[in-house]
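Taking it in order: structure first as structure tokens, then the write-up.
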Amino acid sequence: MSRIILAPMEGLADDLLRGVLTSIGGYDWGICEFVRVSANVLPAKTYERICPELLNGSKTAAGTPMRVQLLGSDPFLMAANAARLVTLNPAGIDLNFGCPAPTVNRHRGGAALLGEPELLNAIAGAVRAVVPVNIPFTAKMRLGIEDTSRAVENAQALVAAGIDELIVHGRTKLDGYRPPARWEWIDRVRAAIDVPLIANGEVWTVEDFRNCQAATGCPDIMIGRGAVADPLLARRVRGEEFDEATGGWAEIRPAVADYWLGVRKKVVPVHAGGRLKQWLAMMRRHYPEAEALYGLLRPIKGAADIDAAMVAEGLLTPERLAA
Ligand SMILES: Cc1cc2nc3c(=O)[nH]c(=O)nc-3n(C[C@H](O)[C@H](O)[C@H](O)COP(=O)(O)O)c2cc1C
């Protein structure tokens, strides 16, 4: 049985969305958005803010393990932070060598390091030395900065440092998020290393999932935006079928209500609506019902007015909102 893994997505899949997506289910485990390591050993509360699952045995409420991801370029500092993180009993530790964001890259982090395989090796080696063997230790990389010429070298440098598994997002930094993902290059990397490779990039449907497996030779797939756009995707891959008439929206509707309740508790009112709209906007790709709800909520600015609309639509009761 292949594994289906929920991708880290900073600014999108926070603990609330991870909570509802894993309650709908189908994911073996996931990774939280990156924790940036730049100048010091971060306090436990920073890790617990970004990955509150740490306070619940490193699992979401539904019981899906969530691993923690570190991003940084100083081997010593990365190892010191990993050692701190180990005391918090994470379900796993992952290193980020894929983030293309200019702010992150300016400080030499994420995908910017893909031109320095010896540094990748030094970072992963230093972290490996402090992570006990019972904690899964992985790295997630893009194929390169501007081209794929050093993809295999980078992957081998990470494997030589002792990572347990490698995750490859099939794009260069320059590719950004432009489709298609280069699955054939993931296959080349897989063939050149002797640890399991988890393939990632541009899986939106069950058909994509199967095509990605075939093209990469990887049974295990990590899904990012496709998991947000179709919360039932992992279950569809596992063979579940949903009522043609509803397309499965009936399964998702309660999760939308739960998500809004969570957002209302966590997010300041002025930003709350944007969070719900962001998710609904992504689900429009698959669900006309999400399109309709998005259309209804889009012009509504205030969080209290969205509360009222959610009640009017039958998604929530005033009692649940007040609880
Ligand atoms: C909004 C957003 C935030 C992301 N944040 C992270 C991150 O914190 N760490 C990371 O390794 N990758 C991050 N990624 C990359 C995804 O994990 C994934 O590699 C990428 O979206 C390709 O997979 P997909 O086509 O299934 O979405 C992010 C992607 C998006 C769209």
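The values are calculated or read from the model by the stated rules, or taken from the named source; none is laboratory data. Because the structure is a prediction, the values reported are computed rather than measured. Every residue, glycine among them, receives a Cβ derived from its backbone with ideal geometry; neighbour counts consider all protein chains shown. For the accessible areas, the whole protein counts, side chains as well, though only heavy atoms, and no ligand, DNA or RNA atoms are used. Shrake-Rupley method; radii C 1.70, N 1.55, O 1.52, S 1.80 Å.
Quick notes on this structure:
- Exposed-loop-free span, longest in the chain, where GluC sites (Glu not before Pro) count as exposed if DSSP calls them loop and at most 12 other C-beta atoms lie within 10 Å: 1-145
- Taking amide hydrogens as placed 1.01 Å from N in the peptide plane, the amide H of residue 230 sits under 5 Å from that of no residue at least 5 positions away in sequence or on another chain.
- Dmax and Rg, reported as Rg then Dmax, of segment 4-237 (C-alpha, Å): 16.1, 45
- Dimensions of segment 249-322 based on its C-alpha atoms, expressed as ranges along the principal axes with the largest first, amount to 30, 22, 19 Å.
- Taking a quarter of the surface of the Cα convex hull of segment 173-216 gives a mean projected area of 3.4 nm².
- Across segment 222-234, rounded Karplus estimates of 3J(HN,Hα) from the backbone phi angles (6.51 cos²θ - 1.76 cosθ + 1.60, θ = phi - 60°) give 9, 10, x, 4, x, 6, 7, 6, 10, x, 8, 4, 4 Hz, Gly and Pro being marked x.
- Stokes-Einstein diffusion for segment 1-112 at 4 °C, viscosity 1.567 mPa s, with a Kirkwood radius from C-alpha pairs, works out to 91 µm²/s.
- Between the C-alpha center of segment 161-208 and that of segment 261-277 there is a gap of 33 Å.
- By the beta carbon rule, with partners counted only under 4.7 Å, the chain holds these lone Cys residues: 99, 212, 218.
- Cross-link reach is defined here as a Cα-Cα straight distance under 28 Å, omitting same-chain residues fewer than 8 places apart; for residue 266 the lysines meeting it are 45, 59, 277, 301.
- Residue 34 exposes around 30 Å² of accessible area when a 1.4 Å probe is run over every protein chain in place.
- In the chain, the longest principal axis of the Cα atoms and the axis of helix 269-283 are about 80 degrees apart.
- Fraction of beta bridges assigned by DSSP in the chain that are antiparallel (%, nearest 5): 5 percent
- Couplings 3J(HN,Hα) for segment 135-151, derived from phi with the Karplus relation 6.51 cos²θ - 1.76 cosθ + 1.60 (θ = phi - 60°), are 9, x, 10, 10, 9, 10, 10, 8, 7, x, 8, 10, 8, 9, 4, 10, 4 Hz, where x marks Gly and Pro.
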